[in-house]
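What follows is a short report on a single structure.
The values are calculated or read from the model by the stated rules, or taken from the named source; none is laboratory data. Quick caveat: nothing in here was measured; it's all calculated off a predicted structure. Cβ sites come from the backbone with ideal geometry, for glycine too, and all protein chains shown count toward neighbours. Only protein heavy atoms, including side chains, enter the accessible area calculation; ligands, DNA and RNA are left aside. Shrake-Rupley method; radii C 1.70, N 1.55, O 1.52, S 1.80 Å.
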Amino acid sequence: LCSFLGLLYQEYRDKSTREEIETRRLQDSQTDPEETSPSEETPFEAEPTSTVENKAPPQINLLRNSNSRFNLWQDLPEVQSSGVLSILQPDEIKLQEAMFELVTSEASYYKSLNLLVSHFMENERLKKILHQSEAHILFSNVLDVMAVSERFLLDLEQRVEENIVISDVCDIVHQHTVNHFSVYITYVSNQTYQERAYKQLLQDKPAFREVISQLELDPKCKGLSFSSFLILPFQRITRLKLLVQNILKKVEEKSDRESTALDAHKELETVVKACNEGVRKMSRTEQMISIQKKLEFKIKSVPIISHSRWLLKQGELQQMNGPKTSRTLRTKKLFREIYLFLFNDLLVICRQIPGDKYQVFDSAPRGLLRVEELEDQGQSLANVFILRLLENADDREASYMLKASSQSEMKRWMISLAPNRRTKFVSFTSRLVDCPQIQCVHPYVAQQPDELSLELADVLNILDKTDDGWIFGERLHDQERGWFPSSMGEEILNPKIRAQNLKECFRVHKSDDSQRRKLGSRNRQ
């Protein structure tokens, strides 16, 4: 199947997400989203699908045909000549396409992994330059990942060749996720060290830099960088979850195929979460050690390092001195700099002192923080909010009037300090009929802990937005929240499309909801 696909996974993935964006743009511009776009229209007669099963369908030889370049299931010569397109309902054809995409994208991914191993990892010149330990950090367990992909692909190929109409693929996904996909967690957890080792090697070893540049120029790589091959496993495991979600949206409700898709999705979700946790754990530990070294306590010392603690946000704010009613033209003297370290369970308030150190003068558990916005207070008090510590380091209530550098910075601090405070637009999890939505059209890499990295075609609910170009959003497919520049996306204006996105999202996560309900009732007992 690798030879059947001319595209490397990076190209395949980019093409696929661009198509998703264009499809949604087209739907969004239509007055009635029920209308199918020309590309989705398929001639059909309303006959039961069981007729297909009674036919003895020809075997599909696409997997052996190196000259094939078909992207769609319905474009396969075997499918075209079999007559099934005039028998199947349009919804079943869309489901066939969704399952077929999972198979072809795995083939493309395996092709790219194979190139990473054969072209880069096994290059003799590179082997001589790299120490064994350096090679291990750089390539990690990629051979295990490739072996797992190969086994998975063989089972998928076998299923496609069994019948021209694919019966299911999610049972295979479920089986492989449970039994083999733990190799992804190992690979992805090493990502922090992998990135650092790669940067270090480029900096310290000119010979390494030279060989990598030469290998990247090979036509086989199609202009793609070495690092784009290294991040393939993380991208694939996330994408695989989305492909199963896509199948789940198209299967008949309460059918066996829905049940299988829900099971596969649940297991993939577990693996993806473990991968994310693995990456975070590595970088968080180092970050906490670094912060601990910078802090000097003016008050009773608080142990900073804990295995269950991580940084959410840090930065400088202006603290207002004197009573709230102070009004003077010399506004600059009203404020003095303070520095906040906000962890998931603790706030530490400091002043910066020489030597890149911070003197801690107050702290409070995060659950005992309250925020309040000051409105219409004039220019000198623009972007000012009140932070209340219900119980501070001295076991008493304390209030701070704080000024941020911009409206977005103020809102970001307020949402981080008091996450349960109502946002401008309520989260979709409250089962609202409608909520503003945005689709990502430019990928974004988070620069701060309270930001959200975005992939092309991600759809998010807008929970809040600022006048200076930032959005606080909740991604539909995994409920992750964070800030990102509004220029990264296009708002979805058609209310029917927004409602459809929410409906699909609830359906995908309904097994999670029932699990949460069971857990809730158990906890109440």
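Structural remarks
- Across region 429-516, the mean sequence separation of Cα contacts (distance under 8 Å, 6 or more residues apart), normalised by length, yields a relative contact order of 28 percent.
- Relative contact order of region 111-235, defined on C-alpha pairs under 8 angstrom at six or more residues apart (%): 36 percent
- Probing with 1.4 Å while keeping every protein chain in the model, the per residue accessible area of region 429-516 equals 42 Å².
- Pairs exceeding a 22 Å alpha-carbon distance, out of 313/357; 250/496; 249/496; 15/111; 94/496; 254/503: none at all.
- Sequence ranges 303-316, 74-87, ranked by mean other-Cβ count within 10 angstrom, highest first: 74-87, 303-316
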